[in-house]
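Engineer: Quick one: the structure is below, questions incoming.
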């Protein structure tokens, strides 16, 4: 049995987010890492976070893919 500190969260991307990532990611490694980063970026930029992006949030998947590709 795993410890209570172990937490696995799987967040599904929206169809639009997934399609955008598919268009901008040229390799599977970047795509995989960007899929993990998008939900985190959305959580940290949601309304009430102090970093709300409003309608600009549609670009988050592309921004995440760019950030991952530069690592």
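Engineer: Name the residues of segment 18-51 whose amide N is less than 16 Å from a point 7 angstrom out from the Cα of residue 12 along the C-beta direction?
Structural biologist: 18-19, 39
Engineer: Another one. If the viscosity is 0.890 mPa s and the temperature 25 °C, what translational diffusion coefficient in µm²/s does Stokes-Einstein give for segment 15-69 when Rh comes from Kirkwood over Cα pairs?
Structural biologist: 219 µm²/s
Engineer: Here's a follow-up. Between residue 22 and residue 58, with labels modelled 7 Å along Cα→Cβ, what's the label distance in nm to one decimal, could you check?
Structural biologist: Each label point is offset 7 Å from its Cα along the Cβ direction, giving 1.9 nm.
Engineer: A follow-up question, please. Of 35, 23, how do they rank once you tally other Cβ atoms within 10 Å and put the fewest first? Don't jump to the answer; show the numbers that get you there.
Structural biologist: On the way: 35 20, 23 11.
Ranked by crowding around the Cβ, least crowded first: 23, 35.
Readers should treat all values here as calculations from the given coordinates under stated rules, not as data from a laboratory. Being a predicted model, the structure only gives us computed values, none of them experimental. When we count neighbours, we look across all protein chains shown, and the Cβ atoms used for this are built from the backbone with ideal geometry, even at glycine.
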